[in-house]
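Each remark here refers to the structure printed beneath this line.
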């Protein structure tokens, strides 16, 4: 999974987003029994400078492919891609190599909602490629909730897990992947926010 995500993000292997998006769709589908019938799907945005450098937003590509897969498997579920809803206000340094505390500080206040009316009263599904400490997801969720979103659920393609024996303050992680389990991607059931966040 690490190699596939790196191929998409850094080697610009765009066709990889199709299969990875379907893995993400399998994970999101596990939300179906308890999720609202309508969800606004918001990819975690890149800052303009990072977008220019990379040429695309991998979270947006994954979200679009996941929605396409889910329209076939869950045709009654109304998932609307809202790629320009959330903005990254400042260029944050790479989260790689940072401790959990440094990650939180790195993304604090980094996100804003372009038009609050677009999310007010809506249930949101926030999509990203990797869930490591949750710092990015929390910062983005806070911006969405402050703009009036009723709830925020998070789905990621992969989840980093701490390596055994690693220093708890270190950033040593590995991507966890359980074959056939939606790429072990779903952070949403354990990270669903309603109203005011508790962090």
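Exposure proxy shown here: for 9, 72, 122, 50, the number of other Cβ atoms within 10 Å sets the order, fewest to most, as 72, 50, 9, 122. Stretched out straight at 0.36 nm per residue, the stretch from residue 74 to residue 150 would grow longer than its current Cα-Cα span by 25.1 nm.
Report note on the peptides 76-89, 144-157: ranked by the mean count of other C-beta atoms within 10 Å, highest first, their order is 144-157, 76-89.
No value in this document is a laboratory result; all are computed from the given coordinates. Quantities reported herein were computed from a predicted structural model and do not represent experimental measurements. Counting neighbours? That spans all protein chains shown, and the Cβs are built from the backbone with ideal geometry, glycine included.
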